[in-house]
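No value in this document is a laboratory result; all are computed from the given coordinates. The shown structure was predicted, so the numbers you read here are calculated from the model rather than taken from an experiment. So basically every Cβ, Gly included, is an ideal-geometry build from the backbone, and we count neighbours across all protein chains shown.
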2 protein chains.
Amino acid sequence: MAEAPDPGDVAHVLLSSIGLVVRSARRSKFDGEVSLPELSALKRLERGGPATSAALAKYEQISPQSMSATLGGLETRGLIERTPDPQDGRQSMISLSEAGQQLVRTGRTKRTELMARALAAHFTAAELEQLFAAAPLLERLALYL
Amino acid sequence: MAEAPDPGDVAHVLLSSIGLVVRSARRSKFDGEVSLPELSALKRLERGGPATSAALAKYEQISPQSMSATLGGLETRGLIERTPDPQDGRQSMISLSEAGQQLVRTGRTKRTELMARALAAHFTAAELEQLFAAAPLLERLALYL
DNA sequence: TATTGTTATACTCTATAACTATA
DNA sequence: TATAGTTATAGAGTATAACAATA
């Protein structure tokens, strides 16, 4: 194990590399495909189960209004369902529809597939392991920004 | 070393975690501070030296038009300089100005500082090492998307 | 009054198309 | 004609402000 790198250096290289990946991922467009924020919300629902719009916004670190817009698009395409809270008429629980479950469970979004293929073709097992291990660290980092 | 994770799983967790970091980083606003794409361009110039607008766009994986807009903002604030190519009147070399060099070299952008503080406060040396090692892998991944 | 969620509006970052100037 | 770069315009994703409905 090498010595600990300077946090400033780590911040530097992370900001660069992460920016590049996001720009690249966004650049590849697929018709009728879910967008990055949509995919993120769907995966959150799969991992965490049904949730209110406000809770989702908090998890995803975006404003409730933005989440509202994202969910609107998902509902239009039948990927999520809303169940009004019988106790509190203001709230609704958002959950994955049958179609939404299929889409996320099978991981068959073209965007994820493209990245999976790139990983399989150009990275060693050890590197995949490294990237896999880095992901939870990145999630944790996001909480402190 | 654990066995190699499935590339699909790696793609999944990377897309999620990276999205979160970018949204969090963008959410924290600082007046008069360089934006993420601006910072990225400045760092590229520091690492790679003077370059043309087109070359920068290619490195950063954005269109030449977008890079033009980014550079326009940086020039207005005196962070970069343009040197016309004496041989070819169409081209200019972009380089960091004195102010731009200072800003990037000292790493004193508020955004980088915020992330550096978070890393220093909430991550172990081994984790920093892990994140540091993951950055070049992410850059490579971006090339194949 | 406070809370959940939406609608209206605007800003940032990016793209594509059309243009200018130079080669 | 071809290339480097800019200007014009549009779209995605985000934010804040103002509003409606419910508590």
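Can you give me the Rg/Rh ratio for the protein assembly as shown, using Cα atoms for both radii and the Kirkwood formula for Rh? The Rg/Rh ratio comes out at 1.00.
Axis between B and A by rotation; chain B residue with nearest Cβ and distance in whole Å recorded as B:A134, 2. Taking amide H as placed 1.01 Å from N in the peptide plane, the amide H of A:S97 sits under 5 Å from that of A:I80, A:E81, each at least 5 places away or on another chain. Using the Karplus relation 6.51 cos²θ - 1.76 cosθ + 1.60 with θ = phi - 60°, the per-residue 3J(HN,Hα) values for the range B:126-141 come to 5, 5, 4, 4, 4, 5, 4, 6, 6, 4, x, 5, 5, 4, 5, 4 Hz, with x marking Gly and Pro.
For the pair the range B:59-116 / the range A:7-47, the C-alpha centres are spaced 24 Å from each other.
Between the residues A:L15, B:P64, A:G49, the greatest Cα displacement towards the positive end of the dipole of the protein assembly as shown, with unit charges on the Cβ of Lys, Arg, Asp and Glu, is found for B:P64. A Förster distance of 22 Å, applied to the separation of the beta-carbon atoms of A:A4 and B:E46, puts the FRET efficiency at 0.45. Computed from label points 7 Å out along Cα-Cβ, the spacing between B:R117 and B:T83 is 3.8 nm. To the nearest ten degrees, helix B:110-122 and the longest principal axis of the Cα atoms of chain B are 20 degrees apart.
Over the range A:1-50, what per residue volume does the convex hull of the Cα atoms give, in whole Å³? Could the numbers behind the result be given before it?
Details: hull volume 6.8 nm³, N = 50.
Cα-based convex hull of the range A:1-50, divided per residue, equals 136 Å³.
Taking the three principal axes of the alpha carbon atoms in chain B, the coordinate ranges are 57, 32, 24 Å, sorted in descending order.
Each peptide among B:76-82, A:14-20 gets the average number of other Cβ atoms lying within 10 Å of its residues, and from highest to lowest they stand as A:14-20, B:76-82.
Count, for each residue of A:102-115, the Cβ atoms from other chains sitting within 10 Å of its Cβ, then give me the mean as a whole number. Mind dumping the intermediate values first?
Working: counts 0, 0, 1, 0, 1, 5, 1, 3, 0, 3, 8, 3, 3, 10.
Partner-chain Cβ atoms within 10 Å, mean over residues of A:102-115: 3.
Near B:S92, the amide H atoms lying under 5 Å from its own belong to B:S53, B:D85; only residues 5 or more places off or on other chains count, and H is placed 1.01 Å from N. Applied to the range A:75-88, the Karplus parametrisation 6.51 cos²θ - 1.76 cosθ + 1.60 on θ = phi - 60° returns per-residue 3J(HN,Hα) values of 5, 4, 8, x, 8, 10, 10, 10, 10, x, 6, x, 7, 10 Hz, with x for Gly and Pro.
Its Cα centre serving as origin, chain A has a Cβ charge dipole (Lys and Arg +1, Asp and Glu -1) of approximately 420 debye.
Its Cα centre serving as origin, the protein assembly as shown has a Cβ charge dipole (Lys and Arg +1, Asp and Glu -1) of approximately 620 debye.
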